[in-house]
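Novice: My structure is below; once you've seen it, I'll send some questions.
Readers should treat all values here as calculations from the given coordinates under stated rules, not as data from a laboratory. Predicted model only: the values in this text are computed from it and were never measured. Methodologically, a virtual Cβ is constructed for each residue, glycine included, from the backbone with ideal geometry; neighbour enumeration extends over all protein chains shown.
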């Protein structure tokens, strides 16, 4: 028996990956009745078929794959029976599966990233089992006497498990900032409705990971996708904050009603039925002046299709504002804060820098914020040229 194990170790060693542009996978599945196993690369979140390997009568299989850098892979029999690997050039991965149910019980070595993923998966799986057990008890005791005491106890225990899992993922992220495995820690879910990192403040960890991995893997599709997702999440959080403000303040709070060049008051709400870009700007900002010239092109393209711009100036000197509007021949609705020293609208909209903008739909609901240049043009093109 020792001789067989020794020979097996030699086979694995010599079938390893000496080519630094490739990685190798050597696996054994106990009591397998499957003929083939498949390897997919994750292109962001889409599995892309890479290769298949025949499983020998003894349950062994082997892959040798070219790779440019560390990436995520799915190894398995189907879309529901697989494990996730994080591997790259030069790695020699050894896998041992106890059964055809790959995810349930396996050993991995030779790949630090894959080992980190397994650690994350195992911890989450353990938490889910405990949560399911508590849910079962909750259902059971809800039909019995004394539930008024037992119920809250079970709810508290359930909450503590969620908090413990969250703390585990945060600790993992902070200890693995330079590893793509931290991406998985960010996106793990308790169920289809809930992420492990459920607190709005957890966006800070997404930013930390995004900044770190962008430095180390600027060409990674996974990192680039996460960066886009972070921007989207931040934008959505910002919009949610504005919406929350609107619930706690008078309805007119998010409805600027300011004087134009002619001294007539115009309310943003009077433009209902159009897509309106509310912008904040200053004559003193070269970036604002430059953006105004760009906005003129967009206004020309989309104004007759139902696009309007409601612009609020924040300059203390009213003459500077008037001269700039006339000199650049700004064709849209140009207004100015009633008291630029106390710019109520800019405060309500939480404007931190200029230029700033908010895109409203036909029902006067904010659908985007602080989109500029090409991003704004693409948004408008999607709205008006469907």
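Novice: Normalised by the number of residues in the chain, what is the relative contact order in percent for Cα pairs under 8 Å and 6+ residues apart? Could you put the intermediate results ahead of the total?
Specialist: Numbers: 552 pairs, mean separation 38.7, N = 386.
Value for the chain: 10 percent.
Novice: If one takes the longest principal axis of the Cα atoms in the chain, at what angle in degrees, from 0 to 90 and to the nearest 10, does the Cα axis of helix 221-248 lie?
Specialist: 50 degrees
Novice: One-quarter of the Cα convex hull surface for the stretch 120-170, in nm²?
Specialist: On the way: hull surface 12.7 nm².
Hull-based average projected area comes out at 3.2 nm².
Novice: On to the next question. When DSSP assigns beta bridges and you keep just the ones with both residues in the chain, what percent turn out antiparallel, to the nearest 5? Could the numbers behind the result be given before it?
Specialist: On the way: 42 of 59 bridges.
Given both bridge residues lie in the chain, the antiparallel proportion sits at roughly 70 percent.
Novice: I want to check the label-to-label distance for residue 178 and residue 62. Put each point 7 Å from Cα in the C-beta direction and report it in nm to one decimal.
Specialist: Reported label-point gap for residue 178 and residue 62 is 3.3 nm.
Novice: Using alpha carbons only, how many degrees (0 to 90, rounded to 10) separate the axis of helix 373-384 from the longest principal axis of the chain?
Specialist: The angle comes out at about 90 degrees.
Novice: I've got another one for you. How many angstrom separate the Cα center of the stretch 38-88 from the Cα center of the stretch 128-177?
Specialist: When both Cα centres are located, 34 Å separates them.
Novice: Need one number: % antiparallel among DSSP beta bridges in the stretch 251-384, to the nearest 5.
Specialist: Details: 11 of 22 bridges.
Bridges in the stretch 251-384 are about 50 percent antiparallel.
Novice: Continuing with this model, one more query. Please report, for the Cα atoms of the stretch 251-384, the Rg to one decimal and the Dmax as a whole number; what are they, in angstrom?
Specialist: 13.7, 38
Novice: Cα axis of helix 203-216 to longest principal axis of the chain: angle in degrees, 0 to 90, nearest 10?
Specialist: 70 degrees
Novice: Cα atoms only, the chain: Rg and Dmax in Å?
Specialist: Looking at the chain, its Cα Rg and Dmax stand at 28.9, 96 Å.
Novice: On a full-extension model of 0.36 nm per residue, what is the gain between residue 147 and residue 296, subtracting their alpha-carbon distance, rounded to one decimal in nm? Walk me through the numbers before you get to the answer.
Specialist: On the way: separation 149, 0.36 × 149 = 53.64 nm, distance 6.60 nm.
Here the segment from residue 147 to residue 296 would lengthen by 47.0 nm.
Novice: So, one more: Could you pull the Rg and Dmax for the stretch 117-245, using just the Cα atoms, both in Å?
Specialist: 17.8, 60
Novice: Mind telling me which of 62, 216, 201 comes out most flexible in a GNM of the chain, alpha-carbon contacts under 10 Å?
Specialist: In this elastic network of the chain, the residue with the biggest mean-square fluctuation among 62, 216, 201 is 201.
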